[in-house]
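Enquirer: Can you keep this structure in mind? I'll have questions shortly.
Every number in this text was worked out from the coordinates using simple rules, so none of it is lab data. On a predicted model such as this, the values are computed, not experimentally measured, just so you know. Virtual Cβ from ideal backbone geometry, glycine too; neighbours counted across all protein chains shown.
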Amino acid sequence: MTLALGCIADDYTGASDLANTLTRAGLRTVQTIGVPADDLALPEVDAVVVSLKSRSIEAGLAVSRSRAAEAWLRGRGAGHVLFKICSTFDSTDAGNIGPVMDALRADCGEGVVLVTPAFPETGRTVYQGNLFVGAVPLNESPLKDHPLNPMRDSNLVRVLARQSKTQIGLVDLATVTRGADAVRARLAELAGKGIGAAIIDAVFDRDLETIGLVAAEHRLSVGASGIGLGLARALVSTGKVRSSAAGAEGGAAVGGPAACLAGSCSQATLQQIASAERVMPVLHLDPEQIVAGTGEAQRALAWARPRLADGPVLIASSATPEAVAAVQARHGRDAAGHAIEQAMADIAEDLVQAGVRRLIVAGGETSGAVVDRLRIPGFLVGVEIAAGVPVLRAVGAQAGEMLLALKSGNFGGPEFFSDALRLMR
Ligand SMILES: Nc1ncnc2c1ncn2[C@@H]1O[C@H](COP(=O)(O)OP(=O)(O)O)[C@@H](O)[C@H]1O
Ligand SMILES: O=C(O)[C@@H](O)C(=O)COP(=O)(O)O
């Protein structure tokens, strides 16, 4: 297998979002959980997305795991590696976007790394280095209240400069609009000033196509699904990859009971849970009981088991920003988040033992904890449920045939859970 594109994603939902984008753009793509073991049977593919759970861990660990993934991808022929980050640039001043980018840049000898979280299909655009989420700047969007990485500065040149050892430049929209040669000239100018990375503006997919053409000539880029789209289209248009039909693997039904788990506290997920209350039984977990370790996961399973035969159920820890802040004030941000993620993993494990083979998980960190616990080594990409969220078919799972959907907190329409269940048969 010689890869046309290697990708390292800093969380599992982000990885499935990118794998979905690459697949729809014609690249045969597989999503692996961590660096694949030698005995994992992978199909012949154009791109591999190695999923890490490295967004919110200590920066040194994120760097070492990303480096190992990069070495594996380069070893399979990947000339270009995309480090997939969140389209809302989820990170803190400690990292992990800057430290990982710096390390990968040093490893591959890149000059100026192109960086953009733009993903216009989901309303993420970048102008003059400022990230917009829909109509508002990042720092006015619901991301300002994210439980783990509240985003309070929309100027990404500033945000990345606080995390990186290199100077950060800007390639503005006027330059991108003039085309690939103008971008190349701007990068040469930045390189001449000793700048090692540049936020590049993008508002429309055509901007990302220009960016993809230039990025594909480099060894490394950093961004969300939008730059993935640009790279994939560049690989196809330059004849490096022959376009394949998308998502054939979504086909065969697995049947069996279905369940949904929500650990995301994003506005979109809260709305989706409210809609689900009208069509399926919903259990709201008590975070205090989880943190206290008083058997909340067992209580959830006792609630779910007798209901599974009648149709899907939803179990949620999700809460409003005020309620999340109160739990965090009492127990600490990381301790609360970790305890709730592990409770979700306990519940997922028990649900699968109870026969669940179709599982929808809302939240990136939550999905990471669940997929790790289920020991699923990889996924094939099926049909698209909503922008950035495909049906995933587990490869090599201990439980056998399984369909999953890993939903980024902010993605999907109000009826997401019903939409997903309709496509996961
Ligand atoms: N009620 C709650 N109180 C505090 N933290 C919570 C609560 N419910 C979930 N969390 C934590 O919030 C974080 C949500 O992150 P994540 O799953 O990545 O969602 P998103 O995709 O929206 O970022 C997780 O660490 C989760 O355990
Ligand atoms: O790029 C995106 O927005 C997503 O792919 C993603 O990474 C979202 O992360 P979570 O909201 O933590 O799932």
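Enquirer: Anyone know which of K144, K84, K240 comes out most mobile in the 10 Å Cα GNM of the chain?
Expert: The residue that fluctuates most here is K240.
Enquirer: Taking the Cα-to-Cβ direction at R299 and at L40 and moving 7 Å from each Cα, how far apart do the two end points lie in nm?
Expert: 3.6 nm
Enquirer: What is the fewest-to-most order of T29, T122 by other Cβ atoms lying within 10 Å of their Cβ?
Expert: Ranking T29, T122 by Cβ neighbours within 10 Å, fewest first, gives T122, T29.
Enquirer: Related question: By how many degrees, between 0 and 90 and to the nearest 10, does the Cα long axis of helix 225-237 differ from the longest principal axis of the chain?
Expert: The two axes meet at around 60 degrees.
Enquirer: Within 10 Å, count the other beta carbons around each residue, average over each peptide in 95-108, 343-356, and list them highest first.
Expert: Per-residue mean Cβ counts within 10 Å order the peptides as 95-108, 343-356.
Enquirer: Shifting gears a bit: Using a basic spin-label model with each label point 7 Å from the Cα along Cα→Cβ, how many nm lie between D334 and R67?
Expert: Simple spin-label model gives 2.1 nm for this pair.
Enquirer: Using the count of nearby Cβ atoms within 10 Å as a rough guide to exposure, how do S221, S243 rank from fewest to most?
Expert: So the ranking, lowest neighbour count to highest, is S243, S221.
Enquirer: Can you give me the long-range amide H partners of L3? Hydrogens built in the peptide plane at 1.01 Å from N, cutoff under 5 Å, separation of 5 or more residues or another chain.
Expert: Those lying under 5 Å, H to H, from L3 are G77, A78.
Enquirer: Could you calculate, for segment 216-312, the ratio of the Cα radius of gyration to the Kirkwood radius, expressed as Rg to Rh?
Expert: A ratio of 1.17.
Enquirer: Tell me, what is the FRET efficiency for V279 and Q342 to the nearest 0.05, using R0 = 30 angstrom and their Cβ-Cβ distance as r?
Expert: FRET efficiency, V279 to Q342: 0.60.
Enquirer: Which order do the peptides 328-334, 214-220 come out in when sorted by mean C-beta neighbours inside 10 angstrom, highest first?
Expert: Top of the packing list down: 214-220, 328-334.
Enquirer: Before anything else, pin down the relative contact order of the chain: Cα pairs under 8 Å, at least 6 apart, normalised by residue count, whole percent.
Expert: Taking the mean separation of contacting Cα pairs over the length of the chain, I get 19 percent.
Enquirer: For the chain, find the longest principal axis of its Cα atoms and tell me its angle to the long axis of helix 59-75, 0 to 90°, nearest 10.
Expert: For helix 59-75, the angle is close to 70 degrees.
Enquirer: When ranked by the protection proxy of mean other Cβ atoms within 10 Å per residue, highest first, what sequence do the peptides 395-408, 151-164 form?
Expert: 395-408, 151-164
Enquirer: Computed FRET efficiency, Cβ-Cβ of R242 and R184, R0 22 Å: what is it to the nearest 0.05?
Expert: In this case the efficiency is close to 0.25.
Enquirer: Could you tell me the calculated FRET efficiency between A354 and D205, based on Cβ-Cβ distance and R0 = 25 angstrom, to the nearest 0.05?
Expert: Once rounded, the FRET efficiency stands at 0.05.
Enquirer: Against the longest principal axis of the chain, how steep is helix 321-331, in degrees 0 to 90 to the nearest 10, with axes from Cα atoms?
Expert: Taking Cα atoms only, the helix is inclined about 80 degrees.
Enquirer: For the chain, give me the percentage of DSSP beta bridges that are antiparallel, rounded to the nearest 5 percent.
Expert: Close to 30 percent.
Enquirer: Right, here's the next one. Run through all the Cα pairs of segment 43-133 and give the fraction in each 10 Å bin from 0, expressed as whole percent.
Expert: Distribution as computed: 14, 44, 35, 7, 0 percent.
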